[in-house]
1. Can you work out which of the residues in segment 143-163 that are in contact with a helix residue (DSSP H, G or I) (Cβ under 8 Å, 6 or more places away or on another chain) and either in contact (Cβ under 8 Å) with a residue 40 or more places away in the chain or assigned to a loop (DSSP other than H, G, I, E, B) (or both) is surrounded by the fewest Cβ atoms within 10 Å (Cβ to Cβ)?
2. Looking only at residues in segment 178-214 that are over 30 Å from residue 337 (Cα atoms) and more than 21 Å from the chain's Cα centre (by Cα), which one is surrounded by the most Cβ atoms within 10 Å (Cβ to Cβ)?
3. Applying the selection to segment 248-263, what residues are in a strand (DSSP E or B) and buried (at least 22 other Cβ atoms within 10 Å of the Cβ)?
4. So, in segment 1-52, of the ones that are outside any loop (DSSP other than H, G, I, E, B) and at pLDDT below 95, which residue ends up surrounded by the most Cβ atoms within 10 Å (Cβ to Cβ)?
5. Quick one: in segment 165-183, of everything that is touching a helix residue (DSSP H, G or I) at 6+ places or on another chain (Cβ under 8 Å) and touching a residue at least 60 places away in the same chain (Cβ under 8 Å), which residue is nearest to residue 283 (Cα to Cα)?
6. Among the residues of segment 377-387, which ones are within 9 Å of residue 52 (Cα to Cα) and crowded, with 24+ Cβ neighbours inside 10 Å?
7. Looking at 96, 68, which is the one that is modelled with pLDDT of 95 or more and surrounded by fewer than 22 Cβ atoms within 10 Å (Cβ to Cβ)?
8. Among (1) farther than 19 Å from residue 6 by Cβ; (2) touching a strand residue (DSSP E or B) at 6+ places or on another chain (Cβ under 7 Å); (3) crowded, with 24+ Cβ neighbours inside 10 Å, which single condition is residue 245 missing?
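The values are calculated or read from the model by the stated rules, or taken from the named source; none is laboratory data. A quick note: this is a predicted structure, and the numbers were derived from the prediction, not measured. Note that we place each Cβ from the backbone using ideal geometry, even for glycine, and neighbour counts take in every protein chain shown.
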């Protein structure tokens with residue numbers, strides 16, 4: 001039985017003690033599932049994927065039950081770096097080789113649709129989540145910067161994407177005054193937001209559309225068939241369709257997905273409000289991700305804190321001192337913050353695939369799954385939920401395009417995938433430190 005990270009690091013039914021949770025208005029708790037129920041569609045997991053799928057299905061007139069083991073937005077959807085990036089997680093040049101230019105072009109268009117979808121949902125449902133444009137990609141060497149600039153040219157020439165500004169060293173320092181970076185790009189078509197407020201806004205919209213939401217209702221099994229049955233400890237629901245939207249918290253619900261989607265942990269710290277000193281971190285209200293394999297990502301909050309994500313941790317348990325773990329890479333980028341007060345530090349579980357592309361799959365004629373967003377989930381997960389909603393209604397072109405992307409199982413299945421990942425990440429982290 002696969003380890004389920006629902007129970008490894010968090011208090012049951014409680015959001016983590018994050019800056020996000022401290023600055024969001026939580027919804028009243030939804031009651032757990034109890035007894036027998038019926039629905040057109042059961043969605044398992046109330047993160048971005050499940051919330052989006054449920055909302056789109058309900059708006060199309062379907063009877064939808066959304067089942068969540070903890071609270072809505074409890075997992076990565078309520079804890080992440082809040083970056084709404086352009087494109088897929090894999091660069092278009094790699095996708096062109098992997099799936100061909102035709103499907104690569106479709107995947108680019110779908111990624112653009114994902115950004116548009118997030119922005120339109122925020123506008124339509126008046127979700128107050130501090131959405132703002134701009135994501136910079138910061139490079140440590142001139143060689144990396146040259147690659148970034150060439151890739152920006154490729155996106156402009158092949159896909160007509162003209163939202164990226166190429167930054168030399170001086171321009172990067174004017175944006176982000178860190179001595180570590182030697183240029184990069186600034187994508188003003190990308191954006192950043194408060195992830196938990198966005199998730200809770202989707203939940204409010206789903207409830208208003210008629211979705212029945214059940215919290216504290218961990219799914220223990222699914223019986224497939226023309227009418228599937230979803231079991232929890234408190235009850236069961238029969239449905240014509242089931243959507244799995246579990247990402248890093250799938251546990252042992254489906255072995256095919258578990259063999260291709262690996263849960264990993266990541267960590268974020270929030271400093272005290274920096275006031276005027278915030279300009280020594282960023283001079284514009286944009287987010288940043290850099291080129292390390294164990295990526296650093298950061299932005300300023302609306303109250304001028306530095307929200308900094310990064311740090312290495314192997315195994316499924318969170319470290320005892322998350323603040324110390326994140327402070328180390330933060331100080332490498334911003335040495336002047338060596339002694340800054342950290343007010344919040346938290347961890348979360350995301351999920352990756354070998355190629356860092358999401359894994360969408362039809363597990364049975366009436367059971368769909370989407371997961372493995374690999375740190376690119378704000379837009380991709382929201383879009384994947386919409387694609388599954390369309391597929392349930394018989395419009396599967398978008399879902400099938402994503403499902404055609406090859407998804408290689410991790411070697412050795414769950415027993416070996418974690419030690420192999422640790423070995424790989426240790427090697428790449430060493431390369432990061434040596435500047436190789």
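1. The qualifying residue surrounded by the fewest Cβ atoms within 10 Å (Cβ to Cβ) is 162.
2. Filtering first and then ranking leaves 211.
3. Within segment 248-263, just 263 meets the criteria.
4. Restricting attention to segment 1-52, the residues satisfying the condition of being outside any loop (DSSP other than H, G, I, E, B) are 5-7, 19-22, 35-44, 48-52.
Now restrict to residues that are at pLDDT below 95: 5-7.
Details: 5: 21, 6: 19, 7: 13.
Among those that are outside any loop (DSSP other than H, G, I, E, B) and at pLDDT below 95, it is 5.
5. Filtering segment 165-183 for residues that are touching a helix residue (DSSP H, G or I) at 6+ places or on another chain (Cβ under 8 Å) and touching a residue at least 60 places away in the same chain (Cβ under 8 Å), the one nearest to residue 283 (Cα to Cα) comes out as 177.
6. Residues satisfying the conditions are 381, 382, 383, 384, 385.
7. Result: 96 is the single residue among 96, 68 that is modelled with pLDDT of 95 or more and surrounded by fewer than 22 Cβ atoms within 10 Å (Cβ to Cβ).
8. Failed condition: (1).
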